[in-house]
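For reference, the structure discussed in these notes is given below.
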Amino acid sequence: MYGYHGYQQQMPQPTHSVVDGKMHNLNTYLNYIRAYRDPLRVAKDLKETFHLFPNLSPYYENIPSRNINLINIKGTIPICFKNINYYLPIIVWVPLNYPLEYPTIFLDPTPEMRIVESHQHANLQGLVYHPYISSWNSASTLGQCLKLLCDAFSFKPPLETKSPNSSPSTTSSQYNQPPPPYGSSPSGSPVNSNGNNNTGSIPPPPYGSSPGASSNYVPPPSYDSSIQKKNAALAAAASKGLGDPSIAIPPPIPQKPQPPPTKSLPQIPPQPVIDKKKELIDECTIKLQEILSQYYDTTVKEIKDFQVHNRSLEELSKKQQLEKGELQEQLALYNSQIDQLNENITQLEKWIKENDKPETDIDIDAMLGPKDPLSKQLLKLVSDDSTIEDLLYYLDKALHSNRISLDEYLKNVRSLSRDQFMIKATVKKVQYFIRQNQQQFLQQQQQQQQSSPQSNNNQQVPKSLPQFQSPPPQPPPSSSPQNGHYQSQLSQLYYKQ
Amino acid sequence: MNLKNNTNNTSTQNLKEIKLYSNNIEREMYDNLAELYSIIKVTEHLEKAYIRDDVPPKDYTTACSKLIAQFKSSQTLLKDHVPNVAQFMRDYDLNCKAAYDRLVIKGFPSTLEHSTNESSTDTAMAKNVAEAVQLFITTMDSIRLKLVAVDGIYPLLSDLMESLNRNSWLGPTFEGKEKIKNWISILNQMKATDELDDEQSRQLLFDLDNSYNIFYKAIKN
């Protein structure tokens, strides 16, 4: 069997430009997807893979169930079985966690193919098993894996044709026609490897390269066009009658890729559009959230302001209530005072009516008089004083008109003056006591207003009794000139009750 | 409100009339004060009567001198209660300017101030002149002898004054009299026990000397 080295010899190295093109695509996919844990590692491994297996190309597809995009590798890997080169179509799914997670490899048989039953390395769904995969670790690489798979499948290919002629066991019935060159001219169908496979002189099917000479690889422009070209090549090959039509089934290029419609480079824009839409949606969401939070802030502030305002208004209303109460109290007080004054007025009017007689009938002395004995005494004293003054005046007159002698005059004046002095002294004393009484009364009034204790009142009363406390006191001071002096006495007269 | 409160007033006031004094001591005090009062009052009336010419000068002089003497005695009696007569008069509404002037300030009746026009014979005149001269000399001598107590000088001066007044020929305006009058006033306002100090006695002596000289000159004329 041909090992890995054989393949290397059979197939020339793909040119760097081809690989670069694939890598460019791959990097584009990685930038779009952005979910790969280790994109650099993915790129490195896949670059190696592209170098080893020129028939593999990178694509990406959306996985609806997981709502992610995954990069996959589609294409064929070469095997050599019984000196015939075959190419197995596979799909390799590169997981997001590559290289921590193993790549999932599927066989992708064409409708004419089917998977061999009970194959050691593949199940009926096409899932590929290999110890390398089972023991995948971060040091494993896809290229190595594929190489091992090539070896394994070369030993025992997993796919067989479904043609009625061939039996499932005959491995020779498998497709052995090497794939025609993709995109190459129909005339250039050099890939008849029926007898030329061992020596390695069979030129590998260069992708889209001109027959024979150049080994340029051109990435397939599209799956459909390549399939068309392949079919054309097939027809051309068939026309040459080179192979069994039943056998001359070119290695089918899977026309129905497992996931929904295949995507090649020109079809990439829809994904970015969706992404852009998503981005825009995200932006909108963020903006809306910002606006919402702002609105929330302002509303909270407004609420607080309103609360403060509310509190102040409540306080104001309380104050106003208090003031209202006070004013009402005052109003009541004034009303009561008004009532009292009205009462007094009616009393006075009544009294006036009762006593309203013509002038001659009115006895002034009966109506008017001092209200207490002190005032009465004062009144009498003052009148006596004035009388004596008048007497003296008339004595002067009498002396002048010689009605009395000087001696008599002098004697009388002397005695009258003495009496007058006594009267005056008494007047002063009485005045003093009246003043005292008035002051006591005022003090009592003030104490009543201040609601003083009763003991004070009791102490006050004895003081009101007149006593000259010590012998020869200074006589109390008098006040005004004579006339004014008596006027103040008279002003203390009140109405009789 | 006033009507209502009046009823309260009567209940708190005392209802008795007031007596001026309640014991003998007070009574005596008030009696003495009454005397002082009456003296001042009578003096006032007397002065007014004299001005109105209701009183002959002689009677006036006698009465006035009597009153003045009484006034002085009562002053000593009432030293404690009446330190200031003017204040006393204000206290009891005693409006007696003339009396105050006469009693407190001058201390002699006005007849002594202004000589009355008494006709006198020559012999009386001679007698008066001699008397005046004698009094002058006596007064001056006693001052020189340092008998300068008020109660010693005052009578001499008042006698001198009197005799000068009797010398009616001098005329009413005799400058010598002025000075002596002033001195009498001063002495009148001093207490009896006061003494003239050196300056005053010298001044008095000087004044007396001057008056005597003037008098002498007047005699010569």
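The values are calculated or read from the model by the stated rules, or taken from the named source; none is laboratory data. It should be emphasised that the depicted structure is a prediction, and the values quoted were computed from it without experimental measurement. A quick note on method: Cβ atoms are made from the backbone with ideal geometry, for glycine too, and the neighbour counts reach across all protein chains shown.
Of the strands (runs of 3 or more DSSP E) entirely within the stretch A:31-115, those holding at least 2 residues that are touching a residue at least 40 places away in the same chain (Cβ under 8 Å), assigned by the TED database to the domain that holds residue A:134 and buried (at least 21 other Cβ atoms within 10 Å of the Cβ) occupy A:56-63, A:68-81, A:84-94, A:104-107.
Name the residue, out of B:53, B:31, that is farther than 29 Å from residue A:402 by Cβ and surrounded by fewer than 17 Cβ atoms within 10 Å (Cβ to Cβ).
Only one candidate passes the filter, namely B:31.
Scanning the stretch A:125-135 for residues that are out of contact with any His (no Cβ under 8 Å at 6 or more places or on another chain), part of a loop (DSSP other than H, G, I, E, B) and surrounded by fewer than 18 Cβ atoms within 10 Å (Cβ to Cβ) returns A:125, A:135. Can you find a residue in the stretch A:377-390 that is assigned to a helix (DSSP H, G or I), facing chain B (nearest Cβ under 9 Å), touching a helix residue (DSSP H, G or I) at 6+ places or on another chain (Cβ under 9 Å) and over 30 Å from residue B:41 (Cα atoms)? Looking through the stretch A:377-390, none of the residues is assigned to a helix (DSSP H, G or I), facing chain B (nearest Cβ under 9 Å), touching a helix residue (DSSP H, G or I) at 6+ places or on another chain (Cβ under 9 Å) and over 30 Å from residue B:41 (Cα atoms).
Residue B:62 - would you say it is under 19 Å from the mean Cα position of the chain (by Cα) and without any contact (Cβ under 8 Å) to a residue 60 or more places away in the chain? Spelling it out, residue B:62 is indeed under 19 Å from the mean Cα position of the chain (by Cα) and without any contact (Cβ under 8 Å) to a residue 60 or more places away in the chain.
When you scan the stretch B:49-56, do you find a residue that is within 18 Å of residue A:396 (Cβ to Cβ), hydrophobic (A, V, I, L, M, F, W, C), more than 7 Å from chain A (Cβ to nearest Cβ) and touching a residue at least 60 places away in the same chain (Cβ under 8 Å), even just one? Steps first, please.
Step one: of the stretch B:49-56, the residues within 18 Å of residue A:396 (Cβ to Cβ) are B:49-56.
Cutting the leftovers down to hydrophobic (A, V, I, L, M, F, W, C) gives us B:49, B:51, B:55.
So of that shortlist, the ones also more than 7 Å from chain A (Cβ to nearest Cβ) come out as B:51.
Checking which are touching a residue at least 60 places away in the same chain (Cβ under 8 Å) leaves us with none.
There is no residue in the stretch B:49-56 that is within 18 Å of residue A:396 (Cβ to Cβ), hydrophobic (A, V, I, L, M, F, W, C), more than 7 Å from chain A (Cβ to nearest Cβ) and touching a residue at least 60 places away in the same chain (Cβ under 8 Å).
Is it the case that residue B:201 is surrounded by 13 or more Cβ atoms within 10 Å (Cβ to Cβ) and in contact with a Lys or Arg (Cβ under 6 Å, 6 or more places away or on another chain)? No, not satisfied. Within the stretch A:417-431, work out how many residues are of a type in the set (A, V, I, L, M) and facing chain B (nearest Cβ under 8 Å). Qualifying residue count for the region: 3. Checked against (1) surrounded by 11 or more Cβ atoms within 10 Å (Cβ to Cβ); (2) β-branched (Val, Ile, Thr); (3) farther than 30 Å from residue B:48 by Cβ, residue A:345 meets all criteria but (1). Evaluation of residue B:44 against the conditions (1) closer than 20 Å to residue A:425 by Cβ; (2) more than 8 Å from chain A (Cβ to nearest Cβ); (3) free of Cβ contacts under 8 Å to residues at least 12 places away in the same chain; (4) acidic (Asp, Glu) shows that the sole unmet condition is (3). Consider the stretch B:17-28 and keep the residues that are at the interface with another protein chain (Cβ under 7 Å from one of its Cβ atoms) and surrounded by 13 or more Cβ atoms within 10 Å (Cβ to Cβ). The one that is modelled with the lowest pLDDT is B:17. Of the helices (runs of 4 or more DSSP H) lying entirely inside the stretch B:16-100, those carrying at least 1 residues that are within 17 Å of residue A:385 (Cβ to Cβ) are B:24-51, B:85-91. Screening A:434, A:404 for residues that are modelled with pLDDT of 50 or more, surrounded by 12 or more Cβ atoms within 10 Å (Cβ to Cβ), more than 8 Å from every other protein chain (Cβ to nearest Cβ) and more than 30 Å from residue B:56 (Cα to Cα) leaves exactly one candidate, A:434. I'm told residue A:318 meets every condition in (1) modelled with pLDDT of 90 or more; (2) surrounded by fewer than 10 Cβ atoms within 10 Å (Cβ to Cβ) except one. Can you identify the failing condition by its number? Checking residue A:318 against (1) modelled with pLDDT of 90 or more; (2) surrounded by fewer than 10 Cβ atoms within 10 Å (Cβ to Cβ), the one that fails is (2).
Of the numbered criteria (1) within 12 Å of chain B (Cβ to nearest Cβ); (2) in a helix (DSSP H, G or I); (3) surrounded by fewer than 16 Cβ atoms within 10 Å (Cβ to Cβ), the one residue A:333 fails is (1).
Looking only at the stretch B:141-149, decide whether some residue is modelled with pLDDT of 85 or more and crowded, with 19+ Cβ neighbours inside 10 Å.
yes
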